[in-house]
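Right, one structure below, let's go through it.
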Amino acid sequence: MLIKSKLSTVILKNVGRSYATPGGTFHAVRGVNFELIPGELSALVGGSGSGKSTLLHLITGIDRVSTGEVWVQGQRVDTASEDELARFRARHVGIVFQFFQLLPTLTALENVVLAMEFGDTIEPALRNPRALELLARVGVADQAHKFPDALSGGQQQRVAIARALANEPQLLVADEPTGNLDSENAREVLTLFSELAKSGKTVLIVTHERGYLSLFDRVLQLRDGHVVADSSARSAVEAVACIS
């Protein structure tokens, strides 16, 4: 057991993920050990194919480990059933995607409310007021009754973050959440994640935005499925300088 374990939101112990291919076994992630704690904004960086997205999927239970253990909020993720994982994600993990993945036939408000219906932890009468509160928190309350195609990319991503917060999860993960945003919106969204971490959330972001690494508390660098550097934001530039 690692020293922070009693405080940690996420614990990875010797995590590996391998795939059988016609050319032999491909090791996407191997021998990964780290913990994430509340109040920490962490970046997961690395070149294409380094294992970033795979690792995010292992933490959230979207994919299964080949070796090792994944613990989130004191629960073993890698041995849970699919039904258990679906309930667990809905209630305890907020996921933000690069392409937003908002339902186009629902308004911004309805997209956030739907997440509460899946989680089923918020009383029905409180869902609309909570959704409006969350949209206000991320700065798009005035867009509540608009459909996604009427929103800018930055606004859609903010709605997606509000949706991820719907059931008050401790863990927020995001896979390239600024990949489809301009530089101004990218900084605003990353600043929002930083504020969420400061409020006590545990936030892990896969990002290629090296220019904004100063916003992060911690930078984890992956190469060939291994964590090859784990540094504070102060040394982040040096930590990613050798990424190919």
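Read the figures in this text as sums done on the coordinates, not as results from a lab. What you are looking at is a predicted structure, and each value in this text was computed from that prediction instead of being measured. Cβ: placed from backbone, ideal geometry, glycine included. Neighbour counts: every protein chain shown.
Here are the numbers for this structure:
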read-out: Anchor residue 198: aspartates and glutamates whose Cα lies under 12 Å away (excluding residues fewer than 8 positions away in-chain); value: 40, 217
read-out: Residue 133-residue 97 FRET efficiency (beta carbon distance; Förster radius 25 Å; 0.05 resolution); value: 0.65
read-out: In degrees, nearest ten, helix 153-164 long axis to first principal axis of the chain (Cα); value: 80
read-out: Highest-first arrangement of 176-185, 92-101, where packing means the average Cβ count within 10 Å; value: 92-101, 176-185
read-out: Segment 100-189 - percent relative contact order, Cα under 8 Å, separation 6 or more; value: 35
read-out: Highest-MSF residue in the chain out of 86, 186, 125 [GNM, Cα springs under 10 Å]; value: 125
read-out: Relative contact order %, the chain, counting alpha carbon pairs below 8 Å whose residues are six or more apart; value: 26
read-out: Computed helical MRE - 222 nm, the chain, DSSP H runs ≥ 4 contributing -39500 (n - 2.57), nearest 500; value: -10000 deg cm²/dmol
read-out: Of 229, 192, 21, farthest towards positive along the dipole that unit charges on Lys, Arg, Asp, Glu beta carbons give the chain; value: 229
read-out: Pairwise label distance in nanometres, residue 25 with residue 180, each label 7 Å out on the Cα-Cβ vector; value: 3.7
read-out: Between helix 82-92 and the chain: long-axis angle, C-alpha atoms, 0 to 90°, nearest 10; value: 60
read-out: Neighbourhood net charge (13 Å Cβ-Cβ; Lys/Arg +1, Asp/Glu -1) for residue 159; value: +1
read-out: Among the listed pairs 13/52; 52/201; 146/201, those beyond 26 Å (Cα-Cα); value: 146/201
